[in-house]
Amino acid sequence: MRNESSPGVRTAEQGSEENPYDLIGVGFGPSNLALAIAAEELDSERTCLFFERSPRLRWHPGMLIEGSRMQISFLKDLVSLRNPASPYTFLQYTKAKNRLERFVNLGEFRPTRLEYQDYLEWVAEFFADRVRYGTEVTKVSPVRRPGEDVHRLFRVTARDVGTGRTTVRYAANVVHAAGGRPRLPLGGVCDSPAVVHSSAFLPRFPDHFADRSRHYEFGVAGDGQSAGEIAAYLMRGYPDSRVHLFLSGQALRGTDNSPFVNEQFFLAHANSFYAKSRPERMALRAELRNTNYGVVEAGFLDDLYRMAYEDEVRGARRLIVHPATKVTAVRDGDGGPRVAITDRLSGEDGEIPCDGVVLATGYSRALDESMLGDLVPFLHTEGEDLVLSPDYRVSTSAELAGGFYVQGYGEQSFGLGDTLLSLLPYRSRQIFTDICKQTPPAVRTRRPVEVSTASAYPPPHYLEADPEHLYAVLERFNFATLISARGVEDPVVTHVPLTLDRSRGEHGVLFGHMDRANPHVQLIDGHQLTVVFHGPNSYLSPYAFETRVLPTWNSMNVHVRGRGSVLTDQAALLAGLAGICEKSDPGADAYRLDLDDPRIERIIDHIVGFEIEIHELVGRFKISQELDDRNRRLAASAMADTARRDESALIEQVFGLN
């Protein structure tokens with residue numbers, strides 16, 4: 001991602017109202033980290049900035065319990081499902097840490113939570129220049145500039161947590177991924193270091209109860225994975241203490257994680273869920289709730305039950321389960337916190353005195369109105385839920401033209417996978433691709449007079465400005481070089497014929513096709529592409545000129561940048577193939593493709609058609625511009641003769657025609 005203007009081009013400060021970022025991200029956890037990767041890989045020219053209130057990337061720091069494992073495969077990292085060749089995959093991380101072979105030797109698909117946190121921090125280091133850590137976003141406001149009838153920008157106000165200093169930046173789009181807020185009992189929670197939410201468990205709780213040999217009465221509220229893991233941690237770490245486990249249900253239940261159920265977290269199912277009516281979505285969420293909420297991994301449940309059973313064998317019951325119990329409040333007591341409870345079946349109230357309480361009560365997903373209050377009047381809702389597009393853009397009134405996107409706030413639209421890691425690679429691609437479609441790339445004007453010819457490349461006088469000359473190269477020398485990158489050091493190059501349609505798009509649209517087996521196919525749809533059109537080139541001897549010069553090589557090339565899209569409509573593919581014949585051989589009696597030819601039907605499934613919407617053309621014409629007109633004409637004549645002669649000679653040599 002580019003965050004500074006190009007050398008020699010004077011622009012307003014990046015992030016100002018005159019030169020806004022393409023996007024600003026609120027929060028820099030796994031969701032926006034995946035978005036940063038997508039932006040880097042899909043269009044690195046786009047400008048991005050992220051604000052994160054923590055001093056570094058932190059992912060559930062309260063639950064990095066020793067030995068606890070992820071509940072998903074390492075292949076469901078930040079990027080592998082979208083781009084397995086990315087340099088930011090989990091396997092690339094283990095390779096960089098010199099642990100790849102040993103990790104493979106483990107035979108383990110689920111890494112520990114501690115290692116996954118280390119992976120996230122490793123990836124985040126690559127994007128450190130685009131993140132402002134220790135900075136909390138306090139306000140996001142829509143902006144309508146003078147002369148405009150809609151709000152096209154956002155003003156993002158952020159405060160340095162350490163110094164209190166305020167920063168204001170502007171962006172065309174905002175992606176909100178600040179995570180959930182701890183859900184607490186409605187009756188309130190006393191302010192005590194002995195009472196914590198699970199999000200702060202490890203950083204705060206064990207230090208407060210440093211004497212592991214004492215007898216404590218601990219309370220744990222919750223019936224999900226976090227509650228189970230915390231209960232087991234306390235039983236192992238405090239062998240003379242008891243743990244009161246307050247369950248809202250009748251018993252701890254295991255996750256339903258069969259392969260068939262887990263398909264609910266596939267991209268196709270998220271799209272299918274989105275297409276359903278609101279009542280259908282609500283019913284499906286309720287039916288599948290036990291795949292994610294209020295459940296514990298089945299193998300871990302077995303371990304916890306064995307621990308409790310072995311305690312009873314020893315005559316010391318240490319796990320006290322309170323089923324069907326609602327924790328209504330945690331209050332101060334004379335000897336420590338007291339947990340106020342209500343029996344869900346009888347309705348009876350009670351209190352349990354504890355020395356320490358951990359609330360593993362989950363998170364609420366609601367927008368912070370103190371931050372987004374200026375934005376809320378523009379947002380469309382359905383009940384209490386945001387109305388989202390298939391690309392996670394919040395539907396807004398017509399007065400707001402800027403894009404406001406959310407990550408982790410769309411469970412009602414996309415299903416239970418919305419708050420999980422599984423869909424991050426796809427979601428980041430969808431969001432970033434939509435941003436690029438909705439937001440035209442910034443115009444970067446070249447000003448040769450401001451560029452030093454001693455350091456600029458190519459020199460300004462070699463840059464061709466006449467668009468007709470550029471298009472002439474595209475149309476005459478249309479067998480071009482298509483360039484993409486699977487990773488930082490892994491370019492992918494394909495040579496393809498590309499035909500130009502100047503009637504579409506701001507700068508025209510290119511059509512091309514390639515074999516479906518070509519790995520380049522995976523790097524086209526939604527990606528930023530570079531194409532090199534090679535015009536004529538030739539060596540020029542000093543004898544070609546009427547002035548004293550050294551030998552040189554002249555050439556005419558055009559570099560094109562644009563966004564690719566794969567054609568899913570077979571009719572469009574066939575029209576593009578027919579167009580190659582028409583544009584390459586325009587004669588009246590020239591061959592024309594018969595679209596009903598049965599041979600086409602046999603091969604069409606093996607062909608992928610694509611288009612590239614042109615965003616930028618740069619002509620690199622080295623044609624002896626430093627010489628006078630007479631010698632330039634001599635150079636052009638010699639170049640024309642040499643180009644035709646060399647092409648003919650090569651063809652005759654290869655095919656044995658001479």
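Structure notes:
- Exactly one residue among Glu647, Glu611, Glu652 is modelled with pLDDT of 90 or more, within 21 Å of Phe477 (Cα to Cα) and of a type in the set (D, E, K, R), and that residue is Glu611.
- Sole exception among (1) surrounded by 19 or more Cβ atoms within 10 Å (Cβ to Cβ); (2) within 30 Å of Asp385 (Cα to Cα) for Gly356, by number: (2)
- Answer residue from region 449-471, given it is part of a helix (DSSP H, G or I) and not assigned by TED's automatic domain parsing to the domain that holds Gly508 and is modelled with the lowest pLDDT among those: Val449
- Scanning region 274-285 for residues that are over 18 Å from Pro425 (Cβ atoms) and either of a type outside the set (Gly, Ala, Ser) or touching a Leu at 6+ places or on another chain (Cβ under 9 Å) (or both) returns Lys276, Arg278, Pro279, Glu280, Arg281, Met282, Leu284, Arg285.
- Residue in region 203-225 that is of a type in the set (A, V, I, L, M), at negative phi, touching a residue at least 40 places away in the same chain (Cβ under 8 Å) and in the same structural domain as Gly299 (by TED's automatic domain parsing) present: yes
Table: residues versus (1) surrounded by 12 or more Cβ atoms within 10 Å (Cβ to Cβ); (2) under 30 Å from His151 (Cβ atoms); (3) not polar (S, T, N, Q).
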{"site": "Arg317", "(1), (2), (3)": "no, no, yes"}
{"site": "Lys326", "(1), (2), (3)": "yes, no, yes"}
{"site": "Pro337", "(1), (2), (3)": "yes, no, yes"}
{"site": "Thr342", "(1), (2), (3)": "yes, no, no"}
{"site": "Ser370", "(1), (2), (3)": "no, yes, no"}
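- Condition met for Ala308 (closer than 21 Å to Val357 by Cβ, surrounded by 14 or more Cβ atoms within 10 Å (Cβ to Cβ) and modelled with pLDDT of 95 or more): no
- Screening region 374-409 for residues that are of a type in the set (Gly, Ala, Ser) and surrounded by fewer than 22 Cβ atoms within 10 Å (Cβ to Cβ) and picking the one that is farthest from Ala39 (Cα to Cα) gives Gly383.
- Scanning region 595-603 for residues that are under 22 Å from Leu498 (Cβ atoms) and either among the charged types (D, E, K, R) or not assigned by TED's automatic domain parsing to the domain that holds His520 (or both) turns up nothing.
- Look at (1) within 19 Å of Pro185 (Cβ to Cβ); (2) among the charged types (D, E, K, R); (3) modelled with pLDDT under 95 and you find that Lys326 fails only one, number (3).
- Filter pass, Val608 being over 30 Å from Gln570 (Cβ atoms), assigned by TED's automatic domain parsing to the domain that holds Tyr539, hydrophobic (A, V, I, L, M, F, W, C) and assigned to a strand (DSSP E or B): no
- Among (1) surrounded by 14 or more Cβ atoms within 10 Å (Cβ to Cβ); (2) not in a helix (DSSP H, G or I) - the single one Arg548 does not satisfy: (1)
- Search result, residues across region 262-281 that are surrounded by 12 or more Cβ atoms within 10 Å (Cβ to Cβ), outside any loop (DSSP other than H, G, I, E, B) and of a type outside the set (A, V, I, L, M, F, W, C): Asn262, Gln264, His269, Asn271, Ser272, Tyr274, Arg278, Arg281
- Residue identified as under 30 Å from Leu463 (Cβ atoms), over 27 Å from the mean Cα position of the chain (by Cα) and aliphatic (A, V, I, L, M) among Ala544, Ala578, Ala571, Ala590: Ala544
- Check on Gly333, over 22 Å from Ala210 (Cα atoms), among the small types (Gly, Ala, Ser) and not assigned by TED's automatic domain parsing to the domain that holds Met63: no
- Flag if Ser428 is surrounded by 15 or more Cβ atoms within 10 Å (Cβ to Cβ), modelled with pLDDT of 90 or more and among the small types (Gly, Ala, Ser): yes
- Any strands (runs of 3 or more DSSP E) falling wholly within region 165-233 and containing at least 3 residues that are surrounded by fewer than 23 Cβ atoms within 10 Å (Cβ to Cβ), acidic (Asp, Glu) and modelled with pLDDT of 95 or more: none
- Tabulated pairs, region 372-383, first not assigned by TED's automatic domain parsing to the domain that holds Glu411, second modelled with pLDDT of 95 or more and assigned to a loop (DSSP other than H, G, I, E, B), C-beta under 9 angstrom, 6+ apart or interchain: none
- Qualifying positions in region 488-517 - surrounded by fewer than 15 Cβ atoms within 10 Å (Cβ to Cβ) and either in the same structural domain as Arg429 (by TED's automatic domain parsing) or assigned to a loop (DSSP other than H, G, I, E, B) (or both): Val488, Glu489, Arg502, Ser503, Arg504, Glu506, Arg516, Ala517
- Residue-level analysis places Thr361 among those that are in contact with a helix residue (DSSP H, G or I) (Cβ under 8 Å, 6 or more places away or on another chain), surrounded by 11 or more Cβ atoms within 10 Å (Cβ to Cβ) and closer than 30 Å to Gly25 by Cβ.
- Scope region 107-148; condition in contact (Cβ under 8 Å) with a residue 40 or more places away in the chain, farther than 17 Å from Leu23 by Cβ and of a type in the set (Asp, Glu); matching residues: Glu121, Glu136
- Flag for Ser73 being of a type outside the set (Lys, Arg) and assigned to a loop (DSSP other than H, G, I, E, B): yes
- Arg561 satisfies every condition listed in (1) assigned to a loop (DSSP other than H, G, I, E, B); (2) in contact (Cβ under 8 Å) with a residue 12 or more places away in the chain; (3) surrounded by 10 or more Cβ atoms within 10 Å (Cβ to Cβ); (4) of a type outside the set (Val, Ile, Thr) except (1).
- Looking at Arg338, Arg331, Arg317, just one residue is in a strand (DSSP E or B), basic (Lys, Arg) and closer than 13 Å to His244 by Cβ, and that residue is Arg338.
- Search result, residues across region 618-658 that are of a type in the set (A, V, I, L, M), buried (at least 16 other Cβ atoms within 10 Å of the Cβ), touching a Leu at 6+ places or on another chain (Cβ under 9 Å) and part of a helix (DSSP H, G or I): Leu634, Ala635, Ala638, Met639
- Flag for Ala590 being assigned to a helix (DSSP H, G or I) and either in the same structural domain as Ala485 (by TED's automatic domain parsing) or among the hydrophobic types (A, V, I, L, M, F, W, C) (or both): no
The values are calculated or read from the model by the stated rules, or taken from the named source; none is laboratory data. Bear in mind the structure is a predicted one, so any value in this text is a computation, not a measurement. Please note: Cβ atoms are built from the backbone with ideal geometry, for glycine as well, and neighbour counts cover all protein chains shown.
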